[in-house]
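S.K.: Quick one: the structure is below, questions incoming.
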Amino acid sequence: MSPAPTSWPDYLSDFHRQRPGITEDVLSVSRSRGGLTPYDWITAPIPLGARTLDLACGSGASLRVRGRDPWIGLDRSASELARARRAGSTNVLEGDATSLPFGDESFDAVVCSMALMLIEPIERALDEARRVLAPEGFFVATLPGRRPLRARDVVRYTRLVRRLGLVRLNYPNMRALADASALARDHGFELVEDVRTRFDYPIATSEESTRFVRSLYVPSVASARIERADALAATWVGSSIGIPLRRLTMVRASTKRER
């Protein structure tokens, strides 16, 4: 029997309370062909020394990449922020991406790692990001992608989502983000880059295979199905799986298009 449907906000609140830092645990050991982690990748477009807001910062991995810069992290999860502070990221605070506690034009850049596809309403989050950005400030976000993947990755993801009883992994804002250029334009940004790359997550132990499965957002999936997915992923020990990510880089436009 499947569990009762769960709203995304309730699911995410429980997920991050129970598993703080699990996203960092997976992504921080994943590497692109050039040897970058996803946190290196998201911070690369940001100029050194930029006043930066890390939106939905989670356990603070992006902040620590640029630890000497004037970065501030904000997240709704007290558990994630507690882990961030234990790791040395003291410049973090609890708050909502749709109602930022900062003045207009407070930052030169905003980054949002693996969260823009989840924040609702996305329109309000983008409006708030634009408000706190200085003119020509950067907004950089990473999202789950569907490519690039190797043939073995495709087979594994297909089998994994079937074990979970799903057709595909999906998120609240994926339809809105499909046309990122129009979305950016509607909220006062110019999309200057939309790129994708594959990161390789090594699976040396069954603990690492389970961590990968448990890092996925799968609301309303029964625990028995998740355990079946764990068992499948355990057969991958001794190899790796690709994580396809998409990076959007936007610049705050001088004027905002009327909708």
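Any read-out appearing in this document is the output of simple, stated calculations on the displayed coordinates, not a laboratory observation. Since this is a predicted model, take the numbers as computed values, not measurements. Note that we place each Cβ from the backbone using ideal geometry, even for glycine, and neighbour counts take in every protein chain shown.
S.K.: Tell me the Rg and the Dmax, in Å, that the Cα atoms of the chain produce.
M.R.: For the chain, the Cα-based Rg and Dmax read 18.0, 53 Å.
S.K.: In units of 2.2 N^0.38 Å, what is the alpha-carbon radius of gyration of the stretch 152-193?
M.R.: Normalised Cα radius of gyration, the stretch 152-193: 1.68.
S.K.: When ranked by the protection proxy of mean other Cβ atoms within 10 Å per residue, highest first, what sequence do the peptides 67-74, 145-152 form? Before the final figure, lay out each step's value.
M.R.: Numbers: 67-74: 17.5, 145-152: 13.0.
Output ranking for 67-74, 145-152: 67-74, 145-152.
S.K.: Largest first and in whole Å, give the semi-axes of the stretch 45-100's equivalent ellipsoid, each being the square root of 5 times a Cα gyration tensor eigenvalue.
M.R.: 18, 14, 7
S.K.: Under the rule of -39500 (n - 2.57) per DSSP H run of 4 or more residues, summed and divided by the residues of the chain, what mean residue ellipticity at 222 nm is obtained, to the nearest 500 deg cm²/dmol?
M.R.: -10000 deg cm²/dmol
S.K.: Please report, in whole Å, how far the alpha carbons of the stretch 153-221 spread along each principal axis, starting with the longest.
M.R.: Taking the Cα atoms of the stretch 153-221, the three principal extents are 45, 27, 19 Å.
S.K.: Cα atoms only: what Rg and Dmax, in Å, come out for the stretch 132-259?
M.R.: Considering the stretch 132-259 through its Cα atoms, Rg and Dmax are 18.0, 53 Å.
S.K.: Rg and Dmax of the stretch 186-259, using alpha carbons, in Å: what are they?
M.R.: In order Rg, Dmax, the Cα atoms of the stretch 186-259 give 18.9, 53 Å.
S.K.: Measure out, as a whole number of angstrom, how far apart the alpha-carbon centroids of the stretch 183-202 and the stretch 31-110 sit.
M.R.: Using only Cα atoms, the two centres lie 17 Å from each other.
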